[in-house]
Amino acid sequence: MSDTSRVDGEAPVRDRRALVTGGASGIGLAIATRLAERGARVVLSDVAGDRLDNAAAGLAGALAIEADLRVAEDVHRLADEAGDIDILVNNAGLQHVSPVESFGDAEWRNLVEVMLTAPFLLIKDLIPGMYARGWGRIVNIASVHGLVASPFKSAYVAAKHGLLGLTKTVALEAAAHSSNVTVHAICPSYVRTPLVDNQVEAQAKTNGVSPAEVVDQVLLSSNAIKKLIEPEDVAAAVEYLCGETAWTMTGSVLTMDAGWLAH
């Protein structure tokens with residue numbers, strides 16, 4: 001059944017049910033907040049803890065669901081408990097930095113399970129409902145490292161490259177069902193998040209420099225515009241991709257790299 005029940009000028013996410021993984025902080029919380037402010041009914045998922053509970057408590061009507069995305073059974077349970085999801089934002093991520101010859105097997109599996117396998121499983125479980133209702137938005141938060149590589153991040157780079165391939169494949173499949181079920185990916189460069197803050201602190205300690213020097217000389221070295229992206233910037237892009245005119249971009253990659261790839 002096709003869903004075209006939008007009033008002109010009405011927020012396209014109003015009354016939609018949205019699931020955001022990694023929603024307890026950083027980009028995920030910014031996305032959840034933006035969608036909730038536009039009238040969406042938000043489901044936040046993250047690992048168990050006070051951060052998740054506090055994040056959900058701060059958003060009117062939000063539901064928190066604990067899940068370990070490394071475990072397939074937990075991912076399927078999350079999809080089941082989340083219910084009929086109209087907007088799926090696969091955002092959860094983590095990082096491990098190591099030369100490939102000493103990159104731990106467990107660390108490789110953890111990153112790939114969270115950032116590639118879990119999005120696949122959630123899409124697999126939730127997209128049939130989008131097809132049935134005739135409307136859906138899937139937004140995968142990838143990274144500029146889904147398009148280019150950096151040393152010592154083999155699992156992260158591989159997972160993000162894979163996430164872009166998944167985005168394109170599912171977009172082609174979804175198009176055969178409905179022009180109102182779209183799949184997008186966003187590739188930001190470094191965003192001001194706890195994950196990036198941890199990397200900055202670690203590199204500052206390792207190299208004996210200040211965190212500000214790490215940001216300027218390492219993180220932003222490839223950026224044309226020497227600024228960290230804010231989580232709210234990514235959230236605004238997600239809102240746009242949930243809009244009606246973004247059907248023209250399905251299967252595409254929205255690059256938010258401050259000019260990194262313009263070189």
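So, of the residues in the range 218-246 that are part of a helix (DSSP H, G or I) and of a type in the set (Ser, Thr, Tyr), which turns out to be farthest from Ser143 (Cα to Cα)?
We begin by selecting, within the range 218-246, every residue part of a helix (DSSP H, G or I); these are 218-219, 231-241, 244-246.
Restricting the remaining residues to those that are of a type in the set (Ser, Thr, Tyr) gives 240, 245.
Numbers: Tyr240: 18, Thr245: 23 Å.
Within the range 218-246, the match that is farthest from Ser143 (Cα to Cα) is Thr245.
Return a yes/no flag: does the range 201-214 have any residue that is without any contact (Cβ under 8 Å) to a residue 60 or more places away in the chain, touching a Gly at 6+ places or on another chain (Cβ under 8 Å) and not acidic (Asp, Glu).
no
Could you grab me the full set of residues in the range 18-58 that are part of a loop (DSSP other than H, G, I, E, B), buried (at least 20 other Cβ atoms within 10 Å of the Cβ) and more than 15 Å from the chain's Cα centre (by Cα)? Talk me through it step by step, then tell me what you get.
If we filter the range 18-58 for residues that are part of a loop (DSSP other than H, G, I, E, B), which is where we start, we get 22-25, 38-40, 47-49, 58.
Next cut, buried (at least 20 other Cβ atoms within 10 Å of the Cβ) only: 22-24, 40.
Hit for the range 18-58 is Ala40, nothing else.
For the range 84-105, indicate whether the set of residues that are assigned by TED's automatic domain parsing to the domain that holds Ala159, acidic (Asp, Glu) and touching a residue at least 60 places away in the same chain (Cβ under 8 Å) is non-empty.
Going residue by residue through the range 84-105, those that are assigned by TED's automatic domain parsing to the domain that holds Ala159 are 84-105.
Still in the list and also acidic (Asp, Glu): 84, 86, 101, 105.
Those left that are additionally touching a residue at least 60 places away in the same chain (Cβ under 8 Å): 84, 86.
The answer is yes; a qualifying residue exists.
Could you please find all residues in the range 203-217 being surrounded by fewer than 17 Cβ atoms within 10 Å (Cβ to Cβ) and either in a helix (DSSP H, G or I) or assigned by TED's automatic domain parsing to the domain that holds Leu88 (or both)?
Lys205, Thr206, Asn207, Pro211, Ala212, Glu213, Asp216, Gln217
Answer yes if at least one residue in the range 89-112 is of a type in the set (Phe, Trp, Tyr) and within 30 Å of Ala11 (Cβ to Cβ), and no otherwise. Please lay out each step first, then the result.
Taking the range 89-112 as the starting set, the residues that turn out to be of a type in the set (Phe, Trp, Tyr) are 103, 108.
Subsequent filtering for residues that are within 30 Å of Ala11 (Cβ to Cβ) retains none.
Within the range 89-112 (the criterion being of a type in the set (Phe, Trp, Tyr) and within 30 Å of Ala11 (Cβ to Cβ)), the answer is no, since none of the residues qualifies.
Among the residues of the range 101-143, which ones are farther than 22 Å from Trp247 by Cα and under 13 Å from the mean Cα position of the chain (by Cα)?
Val114, Met115, Leu116, Ala118
The values are calculated or read from the model by the stated rules, or taken from the named source; none is laboratory data. Source: prediction; values computed, not measured. Cβ coordinates were reconstructed from backbone atoms using ideal geometry, including for glycine residues, and neighbour counts include every protein chain displayed.
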